[in-house]
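Asks: Okay, handing you the structure first.
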Amino acid sequence: MSLRIIILFLIFFSNTIAGEISGVPKIIDGDTVHINDFKFRLEGIDAPEMRQQCKKESLKISSIIGFTFYKDYNCGKVSKEKLISKINGSKIKCIFANKDRYKRYIATCFRGKINLNQWMVRNGFAIAYRRYSKKYVLDEDYAKENKLGLWQGKFVNPEKWRKLN
């Protein structure tokens, strides 16, 4: 019996299963990837939605006056593009333990030794999804302190944005 059939069998008969899948992913957005027929939600992170707009500094008028102009940009698209760029057509490995309510596997994914979940948060292309995990809070703090990615401007928390839209 092939490994894929065994995994599918175990998944069908269990709500909680630990496993590992490798392959070249299709990137859906900044926190969702598909490898073959498997859908993965990157554990512990929340990326902007594909239609989500954020604001980034476009002009700052001296620190004395303290006035900054912002312009809108599609931060959801940027998040997805950064993940695509980081993976760069390579094979990744996703390690998972269970599913979410949308039947996606909750996973930590790696390109080589790089934890992609952590990389997305540490570079400001996603935030730590504190409701489900505190694992990447220090990485978010780093991105915020260094004004990386989303932290270069203003944005609505992706979870709040989903509720409003």
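The values are calculated or read from the model by the stated rules, or taken from the named source; none is laboratory data. Keep in mind it's a predicted model, so treat the numbers as computed, not measured. Cβ: placed from backbone, ideal geometry, glycine included. Neighbour counts: every protein chain shown.
Asks: Would you kindly identify the strands (runs of 3 or more DSSP E) lying entirely within region 41-148 that contain at least 2 residues that are hydroxyl-bearing (Ser, Thr, Tyr) and closer than 27 Å to Ser22 by Cβ?
Replies: 105-111
Asks: Quick check, is Glu140 acidic (Asp, Glu) and surrounded by 14 or more Cβ atoms within 10 Å (Cβ to Cβ)?
Replies: Considered against the rule, which asks whether it is acidic (Asp, Glu) and surrounded by 14 or more Cβ atoms within 10 Å (Cβ to Cβ), Glu140 comes out as yes.
Asks: Take region 99-111 and flag every residue that is surrounded by 14 or more Cβ atoms within 10 Å (Cβ to Cβ) and either modelled with pLDDT under 95 or not hydrophobic (A, V, I, L, M, F, W, C) (or both).
Replies: Result: Lys99, Arg104, Tyr105, Thr108, Arg111.
Asks: Also, I was wondering about something else. Please find, among Lys91, Lys26, Lys86, Lys56, the residue that is more than 24 Å from Tyr132 (Cα to Cα), modelled with pLDDT under 95 and among the charged types (D, E, K, R).
Replies: One residue alone meets the criteria, Lys56.
Asks: What are the pairs, 6+ residues apart or on separate chains, where a residue within region 129-144 that is touching a residue at least 40 places away in the same chain (Cβ under 8 Å) has its Cβ under 9 Å from a residue that is loosely packed, with under 15 Cβ neighbours inside 10 Å?
Replies: Matching pairs, first to second residue: Tyr129/Glu159.
Asks: Within region 55-69, identify whether any single residue is in contact (Cβ under 8 Å) with a residue 12 or more places away in the chain and under 12 Å from the mean Cα position of the chain (by Cα), and answer yes or no.
Replies: No, because not a single residue in region 55-69 is in contact (Cβ under 8 Å) with a residue 12 or more places away in the chain and under 12 Å from the mean Cα position of the chain (by Cα).
Asks: In region 118-129, is there at least one residue being hydroxyl-bearing (Ser, Thr, Tyr) and in contact with a helix residue (DSSP H, G or I) (Cβ under 7 Å, 6 or more places away or on another chain)?
Replies: no
Asks: Can you name every residue in region 108-129 that is within 16 Å of Arg41 (Cβ to Cβ) and touching a Gly at 6+ places or on another chain (Cβ under 9 Å)?
Replies: Thr108, Asn117, Gln118, Met120, Val121, Phe125, Ala126, Ala128, Tyr129, listed by residue number.
Asks: For region 81-94, which residues satisfy the criterion of being surrounded by fewer than 16 Cβ atoms within 10 Å (Cβ to Cβ) and of a type outside the set (D, E, K, R)?
Replies: Once the filter is applied, which keeps residues that are surrounded by fewer than 16 Cβ atoms within 10 Å (Cβ to Cβ) and of a type outside the set (D, E, K, R), region 81-94 yields Ile84, Ser85, Asn88, Gly89, Ser90.
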